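Peer 1: So that we are looking at the same thing, I have put the structure below in structure tokens.
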Amino acid sequence: MDVESGICQRNGDSGPSEFGVKIPERMLKREQDRLEDVERKKEEKKSQSVTEEKSGFFTATFGSERAAIEKLLAGCSGATDRALATQTLEEVTTKAQQLQKFLNDSMVFLPQYELRQAQMALQKLQNSLAEKRDEIIPKKKFSFRSRAANAPKVDPPVANPAPPVTPKDSGRTKVDGAISPPEQCGFSHFECQVLTKSGEEIKQQDVLLTHLTNCKVRLLGSPSTVHIKHVQNCEIFSGPVSSSVFVDHCTGSTLSFPCQQLRTHHTTDTQVYLHVTSRAIIEDCQGVRFAPFAWSYTGLDQDFKVSGLDRDRNNWNQVDDFNWLAIGTQSPNWSVIPEAERRTEWDS
């Protein structure tokens, strides 16, 4: 027996080598694991590099487009040709809508700080556009402001007057004793009222709705974000929201809106008719039910364009429950509204 064959017999528990010596299976497995680990790290590095490249491309493109829009707006100042100025404003509006869509499509890979900075810059741009439009194309000023419909009449003074009613403001809202910033609009501390905001009032602003009971709220426009807090037995319908809707401490209500992201906390027995382009998130919630967004109003198509949301992408039934970590098992905290139970009448 030659030396080579003897070696093969003594190592007969594994695969061959180029020298005729069989390598133990455990060594082959170890080498295979090492190669897979190297390949995985290469893929992770490549993915990180792609994300960084995307982020860099977004920053450069967003900055360039924003500068171009600001230049167009500056050109409208002092323009003597009103028709030309109006045409320029329409061009600016279209470009701003495209920039909003570009931001929405980029949210999946942008760092939170960069995303917030871009949202603030776009909000500032939208405000400048609205101001310039009012300057060039002034509209007739109405003598009334958005307020509750069918407000109760004030009774004449009596001997023992009731305690003063909590102040109500349809523009600046008061939350937990603090006045919200002047650029924020919404409704606060109302009961049994119909409350409406028009697109002209919203103008891509943040909207805050808080401490509402048995109210019907209609937001006929495209807000930047919507915050819903401490709401009970209400109907709240909104036009397309450019970024996020935040819901906290909501009970026994019906909500309906399109948005880029939904985050819901401490909410019970509430129905949500939803169009969301990412995934909805719930936490510390019970009895939340979902169905596709179905509310409609005059101007909805235009508001979708302003928001930049993708109408063809709706993940209304893709819900992540942060209190339910069992993979492959449905969370008991949310469910889909059966078709036979879904709302079909929206103005009643």
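The values are calculated or read from the model by the stated rules, or taken from the named source; none is laboratory data. This is a predicted model, so every value here is computed, not measured. With ideal geometry, Cβ positions are generated from the backbone for all residues, glycine too; neighbour counts draw on all protein chains shown. Ligands, DNA and RNA are stripped out before the accessible areas are found, and what is left, the full protein with its side chains, is counted by its heavy atoms. Shrake-Rupley method; radii C 1.70, N 1.55, O 1.52, S 1.80 Å.
Peer 1: Of all the strands (runs of 3 or more DSSP E) wholly in the stretch 229-301, which have at least 1 residues that are without any contact (Cβ under 8 Å) to a residue 24 or more places away in the chain?
Peer 2: 235-238, 244-251, 261-276
Peer 1: Within the stretch 185-220, work out how many residues are in contact with a strand residue (DSSP E or B) (Cβ under 8 Å, 6 or more places away or on another chain) and on the phi > 0 side of the Ramachandran plot.
Peer 2: Number satisfying all stated conditions: 5.
Peer 1: Go through the stretch 241-260 and give me each residue that's open to solvent by 30 Å² or more (accessible area, probe 1.4 Å) and β-branched (Val, Ile, Thr).
Peer 2: THR251
Peer 1: So, one more: Residues in the stretch 75-82: is at least one farther than 19 Å from ALA118 by Cβ, β-branched (Val, Ile, Thr) and open to solvent by 70 Å² or more (accessible area, probe 1.4 Å)?
Peer 2: Looking through the stretch 75-82, at least one residue is farther than 19 Å from ALA118 by Cβ, β-branched (Val, Ile, Thr) and open to solvent by 70 Å² or more (accessible area, probe 1.4 Å).
Peer 1: Six or more apart or on different chains, Cβ under 6 Å: which pairs go from a residue in the stretch 100-113 that's charged (D, E, K, R) to one that's open to solvent by less than 70 Å² (accessible area, probe 1.4 Å) and at pLDDT 75 or above? Could you list them?
Peer 2: LYS101/GLY308
Peer 1: Find the residue count for the stretch 329-340, including only residues that are exposed (fewer than 10 other Cβ atoms within 10 Å of the Cβ) and within 19 Å of GLN286 (Cα to Cα).
Peer 2: Total satisfying the criteria: 2.
Peer 1: Among the residues of the stretch 327-341, is any assigned to a strand (DSSP E or B), modelled with pLDDT of 90 or more and in contact with an Asp or Glu (Cβ under 6 Å, 6 or more places away or on another chain)?
Peer 2: No, that holds for no residue.
Peer 1: Okay, moving on. Which of (1) buried (at least 23 other Cβ atoms within 10 Å of the Cβ); (2) farther than 21 Å from ASP134 by Cβ does LYS197 not meet, given it meets every other one?
Peer 2: (2)
Peer 1: Can you find, within the stretch 205-221, the residue that is farthest from PHE304 (Cα to Cα) among those that are outside any strand (DSSP E or B) and open to solvent by 10 Å² or more (accessible area, probe 1.4 Å)?
Peer 2: ASN214
Peer 1: Let me ask you something else. Checking the condition modelled with pLDDT of 75 or more, open to solvent by 70 Å² or more (accessible area, probe 1.4 Å) and out of contact with any helix residue (DSSP H, G or I) (no Cβ under 6 Å at 6 or more places or on another chain), which residue from GLU90, GLU53, GLU65 passes?
Peer 2: GLU90
Peer 1: Do you know which of the residues in the stretch 218-260 that are aromatic (Phe, Trp, Tyr) and in contact with a Phe, Trp or Tyr (Cβ under 8 Å, 6 or more places away or on another chain) is nearest to GLN117 (Cα to Cα)?
Peer 2: PHE257
Peer 1: Would you confirm, using the coordinates I've provided, whether GLY308 is modelled with pLDDT of 90 or more and either surrounded by 14 or more Cβ atoms within 10 Å (Cβ to Cβ) or under 20 Å from the mean Cα position of the chain (by Cα) (or both)?
Peer 2: no
Peer 1: Checking HIS275 against (1) farther than 24 Å from LEU103 by Cα; (2) open to solvent by 10 Å² or more (accessible area, probe 1.4 Å); (3) not basic (Lys, Arg), which test does it fail?
Peer 2: It is condition (1) that HIS275 fails.
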